[in-house]
Amino acid sequence: MKFLVITNAPTLKENDSYVAYEPYVREMNIWAKYVDAFTILSPTSYDKALLTSRFDVQPKVISVRSLQFNSLGAIVSSLLGMPMIVVKLFQTCKKADHIHLRCPGNMGLLGCFVQIFFPKKTKTAKYAGNWDPNAQQPLSYRLQKWILSHPFLTKNMQVLVYGDWPNQTKNIKPFFTATYKDSEIETPIKRDYSGDLKFVFVGTLVPGKRPLLALQIIEALYKQGKNVFLEVYGEGVLKQELQDYIHIHGLEKIVTLHGNQSKDTIKETLKTAHFLILPSKSEGWPKAIAEGMFFGVIPMATAVSCVPYMLDFGNRGILMEAHLNEDVNHINDALKDMEKLESMSKKASKWSQQYTLETFEKAIVKLLNYKCKFYNL
């Protein structure tokens with residue numbers, strides 16, 4: 001099988017090997033195990049820090065320019081380069097047996113249009129963003145969702161989305177993602193919620209993740225006399241702002257910025273943390289939440305995308321409102337019931353430990369064998 005991936009995620013050359021964003025590579029390594037030829041059409045440059053890893057199966061890479069529309073110059077440049085990208089899309093799709101789109105993204109949007117002209121080819125699309133039909137999103141995202149939801153425009157395509165949403169077309173399949181193996185399943189330690197409380201934030205330090213709000217919540221709890229600590233893992237444009245806030249408010253003893261760290265380092269942190277806090281504006285399937293739950297960490301997250309489903313509407317975690325005072329009150333209320341917190345921790349790990357890499361791999365094999373169905377795993 002000739003397997004083609006169309007993605008916005010940059011594929012980078014490093015020491016004669018191709019690398020890309022680590023969680024994405026981890027997933028694509030599984031797909032690539034079961035195909036004969038592995039091709040990626042994507043940009044091949046990136047000017048920001050990126051946590052990368054090497055593809056196990058080295059792909060053939062079709063390089064295209066990155067499409068950016070955040071300034072007048074970028075818009076003009078992208079529009080001028082778009083015809084060549086479309087030509088390359090048609091050429092590579094024609095040669096492929098299976099077309100796999102990674103959405104949402106500008107390259108995914110072009111792929112959505114081009115795949116219409118290949119109705120007989122087998123296709124999948126991974127929509128990694130928020131599939132909530134009522135979510136307020138940019139026009140390009142809404143357009144991708146509209147095309148992907150239209151069976152006539154997506155013949156022979158299975159669209160993998162996060163969450164189980166009502167009134168979906170037959171080609172929309174609730175899906176999931178995974179980080180850990182069956183062999184990594186363990187009984188979480190029993191936490192003491194009456195003493196020191198360790199909070200963890202794992203994610204890119206950008207406005208959409210609201211890391212400053214997470215920090216301010218910890219600050220408010222600290223000022224109330226709680227023994228709280230926050231470990232922050234990730235890089236991003238807000239890092240300097242967070243560093244300045246920590247310094248100005250004298251929070252060096254309770255907040256630590258670790259930057260990007262390896263999967264194993266974060267795993268060891270999650271094994272002892274009490275809470276994982278993620279007050280995002282939008283999510284797809286927030287892997288940080290699922291990873292924390294795997295080891296019994298109680299997630300605290302805003303009710304966006306499939307997060308309410310993941311947290312069982314408050315039975316496996318604490319749903320946040322993204323308002324400082326209200327969220328601090330929610331935490332204080334939760335800390336009054338130690339038995340309920342212990343129950344949340346157990347329910348969180350039991351649920352998350354269903355979604356291992358082995359389960360994920362079996363689901364991908366079914367997709368490549370064209371036996372897609374609802375994965376209620």
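The values are calculated or read from the model by the stated rules, or taken from the named source; none is laboratory data. Keep in mind that this is a model prediction, so the values were computed, not measured. All Cβ positions, glycine included, derive from the backbone under ideal geometry; neighbour counts span all protein chains shown. Quick note on the areas: whole protein, heavy atoms, side chains included, nothing else; ligands and nucleic acids left out. Shrake-Rupley method; radii C 1.70, N 1.55, O 1.52, S 1.80 Å.
Within the range 144-170, take every residue that is open to solvent by less than 60 Å² (accessible area, probe 1.4 Å), over 17 Å from G284 (Cα atoms) and touching a residue at least 24 places away in the same chain (Cβ under 8 Å) and give me the one that is farthest from the chain's Cα centre (by Cα).
Looking only at the range 144-170, we keep the residues that are open to solvent by less than 60 Å² (accessible area, probe 1.4 Å), and these are 144-145, 147-149, 151, 153-154, 157-163, 165, 169.
Okay, now just the ones that are also over 17 Å from G284 (Cα atoms), so 147, 151, 153-154, 157-158, 169.
Subsequent filtering for residues that are touching a residue at least 24 places away in the same chain (Cβ under 8 Å) retains 147, 153-154, 157-158.
Values: I147: 22, L153: 26, T154: 24, M157: 22, Q158: 19 Å.
The extreme case among them is L153.
Could you please let me know if G236 is assigned to a loop (DSSP other than H, G, I, E, B) and either surrounded by fewer than 18 Cβ atoms within 10 Å (Cβ to Cβ) or β-branched (V, I, T) (or both)? Steps first, please.
Details: assigned to a loop (DSSP other than H, G, I, E, B): yes; either surrounded by fewer than 18 Cβ atoms within 10 Å (Cβ to Cβ) or β-branched (V, I, T) (or both): no.
No; evaluated as a whole, the condition is false for this residue.
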Q) Can you tell me which residues in the range 1-25 are open to solvent by 10 Å² or more (accessible area, probe 1.4 Å) and not in a strand (DSSP E or B)? A) M1, N8, A9, P10, N15, D16, E22, P23, Y24
Q | Tally of residues being open to solvent by 10 Å² or more (accessible area, probe 1.4 Å) and not in a loop (DSSP other than H, G, I, E, B) across the range 303-319 | A | 7
Q: Take K95 and decide whether it is in contact with a strand residue (DSSP E or B) (Cβ under 9 Å, 6 or more places away or on another chain) and more than 17 Å from K123 (Cα to Cα).
A: no
Q. Is it fair to say Q224 is surrounded by 16 or more Cβ atoms within 10 Å (Cβ to Cβ) and farther than 30 Å from L101 by Cα?
A. no
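Do you know which residues across the range 79-116 are outside any helix (DSSP H, G or I), more than 23 Å from the chain's Cα centre (by Cα) and closer than 13 Å to V5 by Cα? Step through it out loud before you land on a result.
Narrowing the range 79-116 to residues outside any helix (DSSP H, G or I): 96-105, 116.
So of that shortlist, the ones also more than 23 Å from the chain's Cα centre (by Cα) come out as 96-98, 116.
The answer is A96, D97, H98.
Hey, among P119, P133, P151, which residue is out of contact with any Asp or Glu (no Cβ under 8 Å at 6 or more places or on another chain), modelled with pLDDT of 90 or more and over 20 Å from V5 (Cα atoms)?
Details: P119 fails: over 20 Å from V5 (Cα atoms); P133 fails: modelled with pLDDT of 90 or more.
Result: P151 is the single residue among P119, P133, P151 that is out of contact with any Asp or Glu (no Cβ under 8 Å at 6 or more places or on another chain), modelled with pLDDT of 90 or more and over 20 Å from V5 (Cα atoms).
For (1) touching a Gly at 6+ places or on another chain (Cβ under 7 Å); (2) polar (S, T, N, Q); (3) within 30 Å of E358 (Cα to Cα), each residue gets a yes or a no:
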| residue | (1), (2), (3) |
| --- | --- |
| A32 | no, no, yes |
| L41 | no, no, yes |
| S53 | no, yes, yes |
| I75 | no, no, no |
| M82 | no, no, no |
| L89 | yes, no, no |
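Taking the range 287-301 as the search range and keeping residues that are closer than 14 Å to F275 by Cβ and not aliphatic (A, V, I, L, M), which one is surrounded by the most Cβ atoms within 10 Å (Cβ to Cβ)? Walk me through how you get there before you give the answer.
From the range 287-301, those closer than 14 Å to F275 by Cβ are 288-289, 291-293, 295-301; that's our starting set.
Those left that are additionally not aliphatic (A, V, I, L, M): 291-292, 295-296, 299.
Working: E291: 22, G292: 30, F295: 26, G296: 27, P299: 27.
The qualifying residue surrounded by the most Cβ atoms within 10 Å (Cβ to Cβ) is G292.
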Q | Members of the range 47-63 that are of a type in the set (V, I, T), closer than 20 Å to D36 by Cβ and in contact (Cβ under 8 Å) with a residue 40 or more places away in the chain | A | V61
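Can you pull out the residues in the range 257-282 that are in a loop (DSSP other than H, G, I, E, B), touching a Phe, Trp or Tyr at 6+ places or on another chain (Cβ under 8 Å) and open to solvent by 10 Å² or more (accessible area, probe 1.4 Å)? Write out each step before concluding.
First pass over the range 257-282, keeping only residues in a loop (DSSP other than H, G, I, E, B): 260-262, 271-274, 279-282.
Those still in the list that are touching a Phe, Trp or Tyr at 6+ places or on another chain (Cβ under 8 Å) too: 260-261, 271, 273-274.
Those that are in a loop (DSSP other than H, G, I, E, B), touching a Phe, Trp or Tyr at 6+ places or on another chain (Cβ under 8 Å) and open to solvent by 10 Å² or more (accessible area, probe 1.4 Å): N260, Q261, K271, H274.
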Q) So which residues in the range 320-330 are assigned to a helix (DSSP H, G or I) and out of contact with any Asp or Glu (no Cβ under 7 Å at 6 or more places or on another chain), if there are any at all? A) L324, N325, E326, V328, N329, H330
Q) Out of curiosity, is W131 assigned to a loop (DSSP other than H, G, I, E, B) and not small (G, A, S)? A) yes
Q: Could you check, for the range 334-342, whether at least one of its residues is open to solvent by less than 10 Å² (accessible area, probe 1.4 Å), over 27 Å from A135 (Cβ atoms) and in a helix (DSSP H, G or I)?
A: yes
Q: Would you tally the residues in the range 120-136 being polar (S, T, N, Q), open to solvent by less than 40 Å² (accessible area, probe 1.4 Å) and more than 19 Å from L153 (Cβ to Cβ)?
A: 1
**Q.** Residue list for the range 79-104, restricted to those being touching a residue at least 40 places away in the same chain (Cβ under 8 Å) and either open to solvent by less than 10 Å² (accessible area, probe 1.4 Å) or of a type in the set (D, E, K, R) (or both)
**A.** K88, L89, C93, K95, A96, D97, H98, I99, H100, L101, R102, C103
(Q) Considering only residues that are hydroxyl-bearing (S, T, Y), more than 17 Å from T7 (Cβ to Cβ) and either part of a loop (DSSP other than H, G, I, E, B) or open to solvent by 80 Å² or more (accessible area, probe 1.4 Å) (or both), which ones fall in the range 37-78? (A) S71
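Kindly establish whether M293 is closer than 28 Å to E27 by Cα, assigned to a strand (DSSP E or B) and in contact with a strand residue (DSSP E or B) (Cβ under 9 Å, 6 or more places away or on another chain). Spell out the reasoning first.
On the way: closer than 28 Å to E27 by Cα: yes; assigned to a strand (DSSP E or B): no; in contact with a strand residue (DSSP E or B) (Cβ under 9 Å, 6 or more places away or on another chain): yes.
Considered against the rule, which asks whether it is closer than 28 Å to E27 by Cα, assigned to a strand (DSSP E or B) and in contact with a strand residue (DSSP E or B) (Cβ under 9 Å, 6 or more places away or on another chain), M293 comes out as no.
It is to be established whether one or more residues within the range 356-365 are more than 19 Å from the chain's Cα centre (by Cα), modelled with pLDDT of 95 or more and surrounded by fewer than 19 Cβ atoms within 10 Å (Cβ to Cβ). Spell out the reasoning first.
First pass over the range 356-365, keeping only residues more than 19 Å from the chain's Cα centre (by Cα): 362, 365.
Pick out the ones that are also modelled with pLDDT of 95 or more and you get none.
Within the range 356-365, none of the residues are more than 19 Å from the chain's Cα centre (by Cα), modelled with pLDDT of 95 or more and surrounded by fewer than 19 Cβ atoms within 10 Å (Cβ to Cβ).
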